[in-house]
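What follows is a short report on a single structure.
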Amino acid sequence: MPPLSNMAVRDIETVVHPYTNLARHREVGPLILNEGKGIYLYDDKGKRYIEGLAGLWCTALGYGNEELVEAAASAMRKLSYTNVFAGKSHDAAIELSEKLKELAPCPASKVLFGCSGSEANDMQIKLTWYYNNARGRPRKKKIISRERAYHGVTVATASLTGLPWVHADFDLPIAGILHTSCPHYYRFGEAGESEEAFADRMARDLEDLIEREGPDTIAAFIAEPIMGAGGVIVPPRSYFPKINEVLAKYDVRFIGDEVICGFGRTGNWFGTQTMGMAVNSISMAKAITSAYFPMGAITIEEELYQAMLDESRKLGTFGHGFTYTAHPVGCAVALKTIEIYERIRIIDHVRKVAPVFEGRIRRLGGHPLVGDARAVGLIGALELVADKDTRRAFGPKQGIGAACADTLQELGLIVRPMGDSVAFCPPLIITADEIDEMFDIVEAGLDRMEERVHHENLRAA
Ligand SMILES: Cc1ncc(COP(=O)(O)O)c(C=O)c1O
C-alpha cells in the first residue's frame with residue numbers, strides 16, 4: 001500500500017467518517033475529493049472519477065452549476081439569514097412552499113422545512129403523534145417501517161431504518177417503532193411463489209402485524225418508493241396497491257419517503273407516482289437543492305394542519321422549529337433547482353436516457369457474478385452472488401460488494417456497496433454516452449472481480 005499523504009494522516013487524526021470501518025480507515029486512509037464538474041469528481045492527485053451515486057443520491061444537477069452558485073451567492077448577499085419563527089417570513093419560503101404544494105403527489109395544505117432527510121422524517125413522526133393526541137387518540141402512536149428501509153439516523157429515524165448496524169449498540173430501535181417484511185422478491189420470494197403471490201404475502205404480513213399490535217395503536221406506515229440504502233430494492237408493481245388497501249382499511253397515515261426518489265429520479269416528479277403509492281404526506285431532501293444546500297421538507301395534509309391549529313389554540317404555540325427552518329439561502333437554491341429542472345425538462349430527459357441505463361444494467365444480469373440486476377429510471381443495483389442457480393450469497397467475510405466498489409473506484413467510477421449489492425444512481429443530467437462510459441467501467445470491473453473470485457476460490461461455501 002502506498003504511504004499516506006500528509007492530508008490523509010491529518011484526516012485520520014481529526015475527522016470521524018460516517019458509515020466507515022473506523023479501524024480499517026486508520027490503515028487505508030481517505031479518498032480526498034476536492035473538485036467536481038458535471039458528473040465528474042477529481043481527487044487530490046488529479047485522478048478523474050464518474051460520480052456514479054450522485055454523491056449520496058443527491059447531486060442531481062451535477063457539480064459546478066453556476067446558476068445554483070449564483071442563486072446561493074445572491075441570496076447570501078441580500079439576506080444571509082432570517083427565520084420563520086414567531087410569524088416572520090420571507091419571499092423565498094413562501095414561493096418555495098407554493099411550488100412544492102403544486103408539485104406534490106398528494107393533497108398538501110402546508111409545507112414544513114428542516115435541513116436533512118432525517119429531520120424531515122423526524123418531523124413526520126412528531127406530527128403523527130401530535131395529530132393523534134390532538135384528535136383524542138393517545139393510543140394510536142406506533143409507526144411501522146420495513147426491514148432494510150433507510151429513513152435517517154436521528155434517534156427516532158434510525159429506529160425507522162431497518163438495518164441492523166444502525167441499531168446495534170445504539171440501544172435502538174426506540175419503543176413504538178415496528179418493522180414489517182421487506183418486499184425484495186429476488187431474495188425473499190419463496191420457491192415457486194409468483195411476484196403477485198409474494199406481494200400478497202407482504203401485504204398480509206403488514207395486516208397481521210397491525211392486527212397483532214391492535215389497529216387502534218397503529219398511527220403511520222413509512223416507505224421509500226424504491227428502497228435505496230437497503231440495496232436499491234424495487235418491489236413488485238402490485239405491492240404498493242395492496243399496501244394502500246391495508247392502510248386505508250385501518251386508518252393508518254401513509255408517509256412516502258421521497259428523499260432519494262423525489263425530483264425525477266424514477267422518471268416522474270416523485271417515486272410515489274411511479275410506484276402507485278396513495279400517500280398522505282411526503283418527505284423530501286437531497287435533490288430538492290441538488291445538494292447545493294442542506295434542506296429537507298415535508299408536506300402537511302389539511303386534516304393534520306387543522307389538528308395543529310387546535311393545538312395552538314390549546315397550547316399557545318406550535319412548539320417545534322430549527323434555527324435553519326426555511327433558511328433563505330436554502331429556499332433560494334431550492335427554487336432555482338426546481339426552475340432548472342422545469343426549464344431543462346429533467347423528467348423528459350430521465351425518461352429518454354433511462355432505457356440506456358436500465359438496458360446496460362439488465363445486460364449485466366448475464367454476468368457470472370450477478371444474481372439480480374434491477375433498475376427504475378436512473379437508480380439501479382447489481383446483486384452479486386456466489387451461485388446464480390441457487391442464489392447463494394457470498395460469505396459476509398468476503399465483503400464482495402465492497403471489493404467490487406473498490407475495484408470500480410480504481411477504474412474511475414464511484415459507486416456504493418450495500419452488502420452484496422452495488423448501487424448506481426448517477427446525477428440526473430447524465431447523458432446516454434456518459435451512461436455507456438459508466439457501464440463500460442462496470443463491465444471491466446466485474447470481469448476483474450470474476451477473475452479474482454476464481455483465483456482466490458471465493459465461491460467456496
Ligand atoms: C430514503 C432516505 N430517507 C432519509 C434519509 C436521511 O437523509 P439525511 O442523510 O439527509 O438525514 C436518506 C439518506 O440517504 C434516505 O436515503
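Values computed for the structure shown
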| read-out | value |
| --- | --- |
| Any chance residue 278 is farther than 21 Å from residue 162 by Cα and away from the ligand (no atom under 16 Å from the Cβ) | yes |
| Sole residue being within 25 Å of the chain's Cα centre (by Cα) and either free of Cβ contacts under 8 Å to residues at least 12 places away in the same chain or part of a loop (DSSP other than H, G, I, E, B) (or both), chosen from 408, 428 | 428 |
| Among (1) part of a helix (DSSP H, G or I); (2) touching a helix residue (DSSP H, G or I) at 6+ places or on another chain (Cβ under 6 Å); (3) over 30 Å from residue 174 (Cβ atoms) - the single one residue 82 does not satisfy | (1) |
| Subset of the stretch 74-90 (residues that are within 28 Å of residue 261 (Cα to Cα) and either surrounded by fewer than 13 Cβ atoms within 10 Å (Cβ to Cβ) or touching a strand residue (DSSP E or B) at 6+ places or on another chain (Cβ under 9 Å) (or both)) | 84 |
| Residues of the stretch 336-380 satisfying the condition of being under 30 Å from residue 92 (Cα atoms), under 22 Å from the mean Cα position of the chain (by Cα) and of a type in the set (Val, Ile, Thr) | 337, 338, 340, 346, 347, 350 |
| Of all residues making up the stretch 259-295, the number that are open to solvent by less than 20 Å² (accessible area, probe 1.4 Å) and farther than 15 Å from residue 54 by Cα | 12 |
| Any chance residue 56 is within 16 Å of the ligand (Cβ to nearest atom), among the aliphatic types (A, V, I, L, M) and not in a helix (DSSP H, G or I) | no |
| Count of the stretch 127-166 residues which are open to solvent by less than 30 Å² (accessible area, probe 1.4 Å) and either within 15 Å of the ligand (Cβ to nearest atom) or touching a Pro at 6+ places or on another chain (Cβ under 6 Å) (or both) | 15 |
| For residue 191: the one exception among (1) in a loop (DSSP other than H, G, I, E, B); (2) crowded, with 16+ Cβ neighbours inside 10 Å | (2) |
| Conditions (1) within 22 Å of residue 66 (Cβ to Cβ); (2) touching a residue at least 40 places away in the same chain (Cβ under 8 Å); number of the one not met by residue 37 | (2) |
| Candidates 107, 30 - the one that is outside any helix (DSSP H, G or I) and crowded, with 17+ Cβ neighbours inside 10 Å | 30 |
| Cβ-Cβ under 8 Å pairs, at least 6 apart or on other chains, the stretch 319-338 side farther than 17 Å from residue 80 by Cα, far side open to solvent by 40 Å² or more (accessible area, probe 1.4 Å) and outside any helix (DSSP H, G or I) | 321/84; 337/292 |
| Residue match in the stretch 382-405 (condition: within 30 Å of residue 451 (Cα to Cα), in a strand (DSSP E or B), under 20 Å from the mean Cα position of the chain (by Cα) and at pLDDT 95 or above) | yes |
| Hits in the stretch 244-267 (condition: of a type in the set (S, T, N, Q) and closer than 12 Å to residue 428 by Cα) | 266 |
| Hits in the stretch 205-231 - residues which are more than 16 Å from the ligand (Cβ to nearest atom), of a type in the set (Gly, Ala, Ser) and open to solvent by 10 Å² or more (accessible area, probe 1.4 Å) | 214 |
| Matching residues, the stretch 232-258, being within 16 Å of the ligand (Cβ to nearest atom) and open to solvent by 20 Å² or more (accessible area, probe 1.4 Å) | 234 |
| Criterion violated by residue 378 - all others in (1) within 19 Å of residue 270 (Cβ to Cβ); (2) surrounded by fewer than 22 Cβ atoms within 10 Å (Cβ to Cβ); (3) in contact (Cβ under 8 Å) with a residue 40 or more places away in the chain satisfied | (2) |
| Residue in the stretch 57-65 that is touching a Leu at 6+ places or on another chain (Cβ under 6 Å) and over 30 Å from residue 399 (Cα atoms) present | no |
| Qualifying residue in the stretch 142-164 (condition: in a helix (DSSP H, G or I), closer than 27 Å to residue 90 by Cα and among the hydrophobic types (A, V, I, L, M, F, W, C)) | no |
| Members of the stretch 296-309 found to be more than 16 Å from the ligand (Cβ to nearest atom) and either open to solvent by less than 60 Å² (accessible area, probe 1.4 Å) or within 30 Å of residue 354 (Cα to Cα) (or both), listed by number | 300, 301, 304, 307, 308, 309 |
| Candidate set from the stretch 114-126 (those that are open to solvent by 10 Å² or more (accessible area, probe 1.4 Å) and outside any helix (DSSP H, G or I)); member that is nearest to residue 318 (Cα to Cα) | 115 |
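Yes/no matrix, rows are residues, columns are (1) in contact with an Asp or Glu (Cβ under 6 Å, 6 or more places away or on another chain); (2) within 16 Å of the ligand (Cβ to nearest atom); (3) aliphatic (A, V, I, L, M):
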residue: 179; (1), (2), (3): yes, yes, no
residue: 190; (1), (2), (3): no, no, no
residue: 193; (1), (2), (3): no, no, no
residue: 199; (1), (2), (3): no, no, yes
residue: 203; (1), (2), (3): no, no, yes
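The values are calculated or read from the model by the stated rules, or taken from the named source; none is laboratory data. From a predicted model like this one, the values you see are computed outputs, not experimental measurements. Neighbour counts are summed over all protein chains in view; Cβ atoms, including those assigned to glycine, are modelled from backbone coordinates with ideal geometry. Accessible surface areas use protein heavy atoms only, side chains included; no ligands, DNA or RNA. Shrake-Rupley method; radii C 1.70, N 1.55, O 1.52, S 1.80 Å.
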